[in-house]
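Worksheet: one structure, shown below.
The values are calculated or read from the model by the stated rules, or taken from the named source; none is laboratory data. Note that this is a predicted model, so its numbers are computed, not measured. Please note: Cβ atoms are built from the backbone with ideal geometry, for glycine as well, and neighbour counts cover all protein chains shown. Heads up: the accessible areas ignore ligands, DNA and RNA and are worked out on the full protein's heavy atoms, side chains in. Shrake-Rupley method; radii C 1.70, N 1.55, O 1.52, S 1.80 Å.
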Amino acid sequence: MTEHTEQGARWDLWAPHYDQDTAGQNHQPTAAGLADLAGPGPVLELGIGTGRIAFALAEWGVPVTGIDASPQMIARLEGRAAQNPPGVAVRAVAGDMARFDLGELFPLIYVSVSTIFLLTSQADQVACFRSAAKHLGPDGRFVVEAAVPYASGLATQRDQMIVREMSDNHLKWSAFLHDAATQTVRAQEIRIGVEDGFRMLPNLMRYAHPAELDLMAQLARLRLERRTADWSGTPFTATSTHHVSVYSHLPAEPALPTGAPA
């Protein structure tokens with residue numbers, strides 16, 4: 001089984017609970033920032049999940065195509081679209097966001113909420129940048145929103161366990177194993193409840209610092225256009241815990257002179 005299919009299987013387990021877990025989150029700042037970059041679209045979302053950001057973006061009149069490794073996540077998205085059709089198209093296809101070929105160019109491609117870290121090797125993350133670059137129009141942009149690993153607490157120097165919820169009839173906690181050598185964090189969320197029974201929800205990610213992402217962009221012949229700390233444009237500083245990085249095509253290299261000098 002490849003890492004792509006393993007990651008899809010992990011998020012199939014999350015799919016029935018994901019919308020409930022993220023209920024109440026405000027995606028309008030994200031959608032507004034993306035809409036400003038997208039123009040009329042269409043745009044491509046990598047790791048679209050159940051479509052929580054895509055549907056918010058559709059409210060701005062921007063059609064969204066998405067790729068996701070989890071068939072169950074896509075099924076949830078399609079069910080949501082059938083019950084409450086957005087004003088413009090939101091569609092998703094099952095695939096590998098590291099290596100894809102849709103035969104289409106987009107003015108905007110984005111990957112949000114640290115989803116790029118779900119590609120668990122540096123090679124896959126580089127491949128994602130390269131695939132995105134191939135699908136960008138001439139003036140297109142690739143946007144990566146992610147946590148800054150140590151500043152956000154994602155890459156703590158120790159393994160840890162965190163109790164997230166506890167009541168008389170419910171307990172939810174998470175365990176994390178951090179491997180600094182591979183920049184990976186393996187997580188397991190465990191939920192026990194009188195009504196819900198017992199379930200385990202695994203996750204695996206490989207974090208990367210902004211400077212490493214910038215180098216991946218260069219390998220894909222993209223350049224960092226700007227970086228902010230959030231979707232509202234707050235300046236990115238040494239203490240920022242998250243970043244929104246906008247990449248665009250490198251300028252064409254000047255042609256080498258031909259023939260001997262006069």
Quick one: is VAL126 in a helix (DSSP H, G or I), touching a residue at least 40 places away in the same chain (Cβ under 8 Å), of a type in the set (Val, Ile, Thr) and closer than 25 Å to PRO251 by Cα? yes
Helices (runs of 4 or more DSSP H) within region 1-74 that include 3 or more residues touching a residue at least 40 places away in the same chain (Cβ under 8 Å) and closer than 30 Å to ARG226 by Cβ: 28-38
How many residues are closer than 29 Å to PRO202 by Cβ and either acidic (Asp, Glu) or more than 13 Å from the chain's Cα centre (by Cα) (or both) if we restrict to region 103-141? 8
Looking at (1) under 23 Å from ASP96 (Cβ atoms); (2) open to solvent by 40 Å² or more (accessible area, probe 1.4 Å); (3) among the hydrophobic types (A, V, I, L, M, F, W, C), which is the one condition that is false for ALA54? (2)
A careful count of residues in region 75-101 that are in a loop (DSSP other than H, G, I, E, B) and open to solvent by less than 60 Å² (accessible area, probe 1.4 Å) gives 7
Whether any residue in region 146-155 is over 30 Å from SER248 (Cα atoms) and at pLDDT below 90 is what I want to check. no
